[in-house]
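Notes for the one structure printed next.
No lab work stands behind these numbers, since they all come straight from the coordinates. Because the structure is a prediction, the values reported are computed rather than measured. Glycine also receives a Cβ, built like all others from the backbone with ideal geometry; neighbour counts cover every protein chain displayed.
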Amino acid sequence: MPQTIDLKDTDTRDALSARHAAGPHALKQPLIGMSREELGEALLAIGVKDRQVKMRVQQLWHWLYVRGVSDFADMLNISKELRLALAEKYTVSRPEIADEQISEDGTRKWLLRFPPRGAGKPVEIETVYIPEEGRGTLCISSQVGCTLTCSFCHTGTQKLVRNLTAEEILSQLLLARDRLGDFPHKDTPQGAIVPAEGRKVSNIVMMGMGEPLYNFDNVKKALLIASDNEGLSLSKRRITLSTSGVVPEIYRTGEEIGVMLAISLHAVRDDLRDELVPINKKYPIKELIQACRDYPGLSNARRITFEYVMLKGVNDTLEDARDLVKLLKGVPAKINLIPFNPWPGSAYECSDWEHIERFADFINKAGYASPIRTPRGRDILAACGQLKSESERLRKTERLALEAMMIAGHGEA
């Protein structure tokens, strides 16, 4: 019996439209996010001679990550013949910008659209740029949606759709540098709020949508490319990975990636953290803190940042502050206090500012740096814990019907 598809279903119709619009380009493999070895294999696959591969890899690496080009035609020291061969099978293009918002404080939020890759239809994620005096921080997403359902986090209300690939993680950085004029021969938008000197994107934080350590391999690959000295060349001390506490992967992060670590802590008792950060039921506080004590390279110069969202009447008493200091005793640490950023339907309120300051003063007097994070981009829902997209995964029956239609040739460009 032939399969049929309900074109009145908006999700399925959108998927068909997106596939049709993508045309043959949807089949091209991205070079962004490939290791040098993989780039070499890609070159061999299109007929580049073995003795030329190393040189060509270096040329591609330079164009992608030093010059920031997004079109093979701009790779001027590569022959036209090779550029055409590359363009036929591969792509170096940026993701589609579905929306861009600029906060009154200069924070920028991009809604980026990526191919389905198993989700049934194109997916969207949010990326945020936060300009500050002397630095610009890019908050990068690692997943579409999230599995962790932290009760105070807007992203946690969106079910996991899929992991982002290394290319999609890295493309967020490349696109931001494009838009901000942070590559050679690129212009900064007129009136943009950016650091007065140096790089426009000087720091990146894996604190966007998703749990980075549940997408470890792709995050690792992207961050190692971002920190490669012959390309994007971001210092590992300017890259921070934030986790809600996937304990086994914390050890791997230190050993295999070597970036700065941040822990979404938010509570000092297991009963409360079980509610706020449900992964605590699997990896309780004692195991989490031990993993932090064992983090490779931990020192006063490479402290762990503990993130603590201030929730009125929930976790903001001086007793909580005392227990927090006791819990972290002996761990080189900084404690970021985050005023709760409200979102539609949230059940929590932000602690009073005077209350937050008393909490911070207590921790500072105990010997820990305890800055209060200034809320940024609240007016465009770009602040910590506010990121979310509308992406959902098609049901299996819908995906199968869509695939059947494509096989039958009805969706070809």
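Given the Cα-Cα distance of HIS62 and GLU256 and 0.36 nm per residue of separation, how much length would full extension add, in nm?
Contour length minus the Cα-Cα distance gives 67.4 nm.
Taking the Cα-to-Cβ direction at ARG269 and at LEU44 and moving 7 Å from each Cα, how far apart do the two end points lie in nm?
The modelled label-to-label distance comes out at 6.0 nm.
Rounded to the nearest 0.05, what FRET efficiency do LYS89 and ASN229 have when you use their Cβ-Cβ distance and R0 = 35 Å? Working shown, then result.
Details: r = 29 Å, r/R0 = 0.83.
The calculated FRET efficiency here is 0.75.
Between HIS185 and ASP71, what is the label-to-label distance in nm when each label sits 7 Å out along the Cα-to-Cβ direction?
Distance between the two pseudo-spin positions: 1.1 nm.
Report the full-extension gain for the segment ASP361 to ASP323: residue separation times 0.36 nm, less the Cα-Cα distance, to one decimal in nm.
12.2 nm
For the range 96-380, list log₁₀ I(q)/I(0) at each q in 0.07, 0.09, 0.16 Å⁻¹, using the Debye formula over Cα point scatterers of equal strength and ignoring solvent, two decimals each.
Each listed q maps to, in turn, -0.25, -0.42, -1.43.
What pairs in LYS89/LYS200; LYS54/LYS221; LYS220/LYS326; LYS200/LYS221 have C-alpha atoms more than 26 Å from each other?
Beyond 26 Å between Cα atoms: LYS89/LYS200; LYS220/LYS326.
Quick one: go through the range 192-206 and flag any residue whose amide nitrogen is under 12 Å from the point 7 Å out along the Cα-to-Cβ line of GLU133.
196
How much length is gained on full extension from THR149 to GLU100, taking 0.36 nm per residue of separation minus their Cα-Cα distance?
Here the segment from THR149 to GLU100 would lengthen by 15.0 nm.
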